[in-house]
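Worksheet for the structure shown next.
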Amino acid sequence: MEDLKLLIDKLDRHKHLDKSEWVCLLTGHDDEVRSYAAEKARSISTSKFGRKIFIRGIVEFSNYCKNDCLYCGIRRSNLNAQRYRLTDEEILSCCDEGYETGYRTFVLQSGEDRHYTTEHLADIVRQIKKAHPDCAVTLSLGELEYDDYKLLREAGADRYLLRHETADKEHYGKLHPAEMSFEHRMKCLEQLKELGFQTGAGLMVGSPFQTPECIAEDMLFMERFKPHMIGIGPFLPHKDTPFRDEPKGSYELTLFLLSLSRIMLPNVLLPATTALGTIRSDGREQGVLAGANVIMPNLSPTAVRKKYMLYDNKICTEDSTSECRFCLQSRMKSIGYEVEISRGDYSE
Ligand code: SAH
């Protein structure tokens, strides 16, 4: 295992490993190697951010989706999903409530719901920015065209989350229907960055057909692309999808990838995701201890939370905004961290 620790040291020094070295690290790790990476990652994140965690409030404003991603519980073919949309007023009031409880970033996430035109979405962004000029707005609306992203950026959106899901084209094809394109998703990421969005990429760990080579490609892609944010969570099956019987992703590998991402891209904004908190009750705390520095609790109205089910057993669907906020505070305190009240922008 000494040689795997040397690879971690090498990643730390050069911010690069070859594909074969990545595969070696991703196949050979054990508890000791993962702890070694976590310690290194944690010392990087505390030297950069202190023992402070940025929070982002997510408003899941629609679960209608035109896409049919095989892993996702809100795919269009899932006829059991009860569909909902929030009105502008409801979205705004989620943000207002979030503001009161200390959020300074609002993330608007949805399925790809064409009911909201780009102009309408831009208007929602403008309304939030007007009500809360000291806050950042992050969008996570899936794939659009350049002109749409441009309009949203001009309306004041600061950040955009679009996980690449997998950097291996063949693997992409096994997770998505033929009408969806790997090239288009990658092109979106390039455009978002070019437009000046703080841009987030990311992947599910243990998605069906994923191999260590796929993850090696993900790491090489992220080394090249240098996302400002990286969303990494375990794949979790949803009962109404073709992947219902597929095994969950590995909790340990998810933590390891968080650490390796922190070591490779020291300044990256790295959430301990809801999926990580779902697979293990203290998953988000352990994510922080493995190098994450962001948590993204839910601001959606409690009445719709259960309907935004990307995977089974998603946590925090019974809780209110203030319950989530204070639960989080005590979770962070239990590991010696505190919640930071600021926009928490990316900085070099
Ligand atoms: N429509 C937007 C938002 C997608 S939902 C978009 O296309 O970007 C946000 C993320 O949830 C996805 O990018 C995916 O990585 C993750 N996700 C979806 N289904 C999941 C599942 N079954 N298990 C774990 N994560 C999942």
**Message:** I'd like to compare 288-299, 146-157: which one has the highest average count of other Cβ atoms within 10 Å, and what's the full order after that?
**Reply:** 288-299, 146-157
**Request:** Write down the Kirkwood hydrodynamic radius of the range 1-133, to one decimal in angstroms, obtained as one divided by the mean of 1/r over all alpha carbon pairs.
**Result:** 18.9 Å
**Complete:** Along the range 300-312, Karplus-curve 3J(HN,Hα) (6.51, -1.76, 1.60; θ = phi - 60°) to the nearest Hz, with x for Gly and Pro, reads 5, x, 3, 4, 9, 4, 5, 7, 8, 9, 6, 8, 5
**Message:** What aspartates and glutamates does Lys10 reach when the alpha-carbon gap must be under 12 Å and sequence neighbours fewer than 8 apart in one chain are set aside?
**Reply:** Asp18, Glu21
**Message:** Explain nothing, just the number: relative contact order of the chain, from Cα pairs under 8 Å at least 6 residues apart, as a whole percent.
**Reply:** 24 percent
**Complete:** Charge tally for neighbours of Lys19 with beta carbon under 9 Å away, counting Lys, Arg as +1 and Asp, Glu as -1, is -4
**Complete:** If one builds a Gaussian network model of the chain from Cα atoms under 10 Å apart, the most fluctuating residue listed among Arg42, Arg224, Arg51 is Arg224
**Asked** What Kirkwood hydrodynamic radius, in Å, does the range 32-340 give when the mean of 1/r is taken over all pairs of distinct Cα atoms and then inverted?
**Response** 19.4 Å
**Item:** Charge-dipole axis of the chain as Lys and Arg at +1 and Asp and Glu at -1 on Cβ define it, positive-most pick from Asn63, Ser93, His16
**Value:** Ser93
**Message:** Around Lys314, under 14 Å between beta carbons, what's the net of Lys plus Arg minus Asp minus Glu among the other residues?
**Reply:** +2
**Complete:** Placing +1 on each Lys and Arg Cβ and -1 on each Asp and Glu Cβ in the chain, then taking the dipole about the Cα centre, the residue among Pro234, Thr166, Gly291 whose Cα reaches farthest towards the positive end is Gly291
**Prompt:** Hey, in the GNM for the chain with a 10 angstrom Cα cutoff, which one of Asp312, Asp31, Asp88 fluctuates hardest?
**Reply:** Asp31
**Request:** Return the aspartates and glutamates within reach of Lys169: Cα separation strictly under 18 angstrom, same-chain partners fewer than 8 residues apart disregarded; answer none if there are no such residues.
**Result:** Asp68, Glu143, Glu179, Glu183, Glu190, Glu213, Glu217, Asp218, Glu223
**Inter-label distance for Glu32 and Ser347, nm, one decimal - labels placed 7 Å from Cα along Cα-to-Cβ** = 4.0 nm
**Item:** Calculated log₁₀ intensity ratio I(q)/I(0) where the Debye formula runs over C-alpha points of the range 166-219, q = 0.13 Å⁻¹
**Value:** -0.35
**Request:** Just need the Rg to Rh number for the range 151-271, please, alpha carbons only, Kirkwood Rh.
**Result:** 0.97
**Request:** Compare Asp96, Asp123, Asp245 in a GNM of the chain, Cα atoms joined below 10 Å, and give the one with the largest fluctuation.
**Result:** Asp245
**Request:** Using the Cα centre as the reference, give the magnitude of the dipole from point charges on the C-beta atoms of the range 180-337 (Lys, Arg: +1; Asp, Glu: -1; all else neutral), rounded to the nearest 20 debye.
**Result:** 440 debye
**Fill in**
Whole-percent carbon and sulfur contribution to the accessible surface of the range 32-340 (1.4 Å, no ligands, DNA or RNA) stands at 50 percent
**Request:** Could you list, in their original order, any pairs among Lys5/Lys248; Lys66/Lys306; Lys40/Lys129 whose Cα atoms are separated by more than 31 Å?
**Result:** Lys40/Lys129
**Cut-off under 5 Å, modelled amide H: who pairs with Gly231 long-range** = Ala201, Gly202, Leu203
**Asked** Residues with beta-carbon under 10 Å from that of Ile232, excluding Ile232: net charge, scoring Lys, Arg +1 and Asp, Glu -1?
**Response** 0
**Message:** Could you tell me the calculated FRET efficiency between Arg126 and Leu79, based on Cβ-Cβ distance and R0 = 41 angstrom, to the nearest 0.05?
**Reply:** 0.70
**Request:** Let me have the 222 nm mean residue ellipticity of the chain computed from DSSP H runs of 4+ only, each contributing -39500 (n - 2.57), with the sum over all residues rounded to the nearest 500.
**Result:** -13500 deg cm²/dmol
**Asked** Taking only Cα atoms, what is the 0 to 90° angle, nearest 10, from helix 118-131's long axis to the longest principal axis of the chain?
**Response** 90 degrees
**Request:** Could you give the size of the charge dipole of the range 32-340 about its Cα centre, using +1 on the Cβ of each K and R and -1 on the Cβ of each D and E, expressed in debye and rounded to the nearest 20?
**Result:** 580 debye
**Asked** Volume per residue, Å³, of the convex hull around the alpha-carbon atoms of the range 200-248?
**Response** 72 Å³
**Request:** Over the alpha-carbon set of the range 249-348, work out the extent along each principal axis and list the three values in angstrom, largest first.
**Result:** 40, 32, 24
**Cα-centred dipole magnitude for the range 1-96, charges only on beta-carbon of K, R (+1) and D, E (-1), debye, nearest 20** = 240 debye
**Fill in**
Within the chain, cysteines having no neighbouring cysteine beta carbon under 4.7 Å are Cys24, Cys65, Cys94, Cys95, Cys135, Cys188, Cys214, Cys316, Cys324, Cys327
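The values are calculated or read from the model by the stated rules, or taken from the named source; none is laboratory data. Since the structure is predicted, the reported quantities are computational estimates derived from the model, not experimental observations. Methodologically, a virtual Cβ is constructed for each residue, glycine included, from the backbone with ideal geometry; neighbour enumeration extends over all protein chains shown. For the accessible areas, the whole protein counts, side chains as well, though only heavy atoms, and no ligand, DNA or RNA atoms are used. Shrake-Rupley method; radii C 1.70, N 1.55, O 1.52, S 1.80 Å.
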